[in-house]
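> My questions all concern the structure below.
Throughout, read-outs are computed from the coordinates displayed, never taken from laboratory work. Values in this document were obtained by computation on a predicted structure and should not be read as measured data. Every residue, glycine among them, receives a Cβ derived from its backbone with ideal geometry; neighbour counts consider all protein chains shown.
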Amino acid sequence: MQNAMSETPGTTLSKSSAPGSSGDAGFLWDFWYPALRSTEIRGRKLATAMLLEVPLVLGRTDAGRAFAMRDACPHRGIPLSYGRFDGQAIECSYHGWKFDGCTARCTEIPSLASEDKLKVERISAGHFPCEERDGYVWVYMAAPGSRLPETLPAVPELPKFSEKYKITHLECDLPSHIDHGIIGLMDPAHGPFVHQSWYWRSRRSIHEKAKNFEPIPNGFRMSRHAPSSNSAPYKILRYFSGAETTTMIDFVLPNMRLEEIRSGRLWFSSRATVTPVRRDLCRIDFVAAWNVPFPPAIFRLFAKPFLRQDQETMIQQAEGLKHNPNLMLIDDADRPAKWYFALKAGLLESRRTGVPMAHPMSGPVTLRWRS
Ligand code: FES
Ligand SMILES: [Fe+2]
């Protein structure tokens with residue numbers, strides 16, 4: 001379904017390009033993706049993750065540096081995560097080849113006789129750049145067979161606006177292709193149906209909305225505005241600050257939704273990333289930080305069911321998608337989804353041709369929908 005759209009009001013998503021229907025899984029390579037939480041690699045314990053259908057083994061050296069390499073020994077393919085890690089190198093469980101954690105270079109092949117000429121250090125288990133930020137281990141997923149660029153782009157960081165803040169993380173798996181995960185994330189029309197609850201909104205609260213959007217590099221922004229009166233989280237901020245409350249929401253390729261709420265000197269900043277694990281599985285990682293006197297435990301209490309509602313809906317949606325139905329994107333509620341597909345296609349085209357990326361928006365626009 002990546003690249004499927006035209007400008008008709010009820011755009012049909014073409015079946016031939018449905019996620020996973022061809023060899024191309026529709027992933028965007030050459031970006032940083034969160035592989036797991038920093039707390040999952042403690043001491044000399046190895047952890048595994050999958051990103052864009054690449055199995056990874058992750059660990060932390062004794063010096064504290066997180067690393068990632070392909071979780072397959074280049075000798076016979078057994079996962080290196082079954083091996084032993086000494087704080088610096090992983091020793092494969094099958095024939096004992098050793099691989100340096102930080103470079104993935106082979107450092108030792110125990111079976112080699114003294115006159116063997118094999119250049120051990122030329123053997124690599126597949127190195128992936130790895131950095132920690134905001135409590136996540138991020139891995140740079142270079143396109144298969146490509147060289148790493150000289151300088152990597154900066155690792156995404158959640159914006160924070162004061163020295164002191166609280167931070168919390170939530171996650172949930174979605175049995176969907178990344179594209180469905182993302183258009184679900186930016187979809188404004190499901191709120192009153194999927195997220196009905198006393199503290200958020202009800203079906204009766206549906207009303208017409210007009211929101212301004214503007215293009216930003218690799219994405220689009222819902223311009224700063226006073227949020228709708230029916231949303232409790234905004235009310236809480238206003239309650240504490242007594243000041244005018246505004247919000248701004250960005251979507252940025254490959255997979256990021258950022259929201260920044262400001263109210264006087266108080267702020268709430270959140271980011272949801274949808275990370276492709278396999279073509280039929282993605283994961284939402286949600287991180288939020290704020291300087292409002294509001295305990296993370298209470299925040300989680302409210303946010304968890306919210307994510308759970310999205311997850312349940314997408315489990316049900318996956319049931320329907322199994323049979324490859326025709327799908328539609330309608331204006332204006334699905335316009336952000338159309339932009340996403342166009343941005344994605346534009347990025348791929350620009351990478352292919354070397355020509356600067358065409359942006360689907362020529363300037364600010366106002367979208368109208370009821371939700
Ligand atoms: S399979 Fe890993 S050393 Fe042989
Ligand atoms: Fe939702």
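> How big is the dipole moment of the chain about its Cα centre under a simple scheme where the beta carbon of each Lys and Arg is +1, that of each Asp and Glu is -1, and everything else is neutral? Debye, nearest 20, please.
That gives a dipole near 860 debye.
> Once each part is reduced to its C-alpha centroid, what is the distance from segment 67-112 to segment 116-147 in angstrom?
12
> Now a separate question. Full extension from His190 to Asp173: what is 0.36 nm times the residue separation minus their Cα-Cα distance, to one decimal in nm?
Contour length minus Cα-Cα distance gives 4.2 nm.
> Let me ask something additional. Among His207, His127, His180, what is the fewest-to-most ranking by other Cβ atoms within 10 Å?
By the 10 Å Cβ count, ascending, the order reads His207, His127, His180.
> Which distance in nm do the two modelled labels at Met357 and Phe161 give, with both placed 7 Å along the Cα-to-Cβ direction?
Here the answer is 2.6 nm between the modelled labels.
> How large is the charge dipole for segment 31-141, taken about the Cα centre, if only the Cβ atoms of Lys, Arg (+1) and Asp, Glu (-1) carry charge, to the nearest 20 debye?
60
> Using DSSP H assignments, which helices in the chain have an axial alpha-carbon span of 18 Å or above and a mean Kyte-Doolittle hydropathy of -0.5 or higher?
296-321
> If you place +1 on the Cβ of every Lys and Arg and -1 on the Cβ of every Asp and Glu, how big does the dipole about the Cα centre of segment 166-370 come out, in debye to the nearest 20?
420
> Based only on other Cβ atoms within 10 Å, what is the fewest-to-most ordering of Thr39, Thr275, Thr103?
Going from sparsest to densest Cβ surroundings: Thr39, Thr103, Thr275.
> Any aspartates and glutamates with Cα under 17 Å of the Lys164 Cα? List them, leaving off those in the same chain fewer than 8 positions away.
In chain and number order, the partners are Asp134, Glu260.
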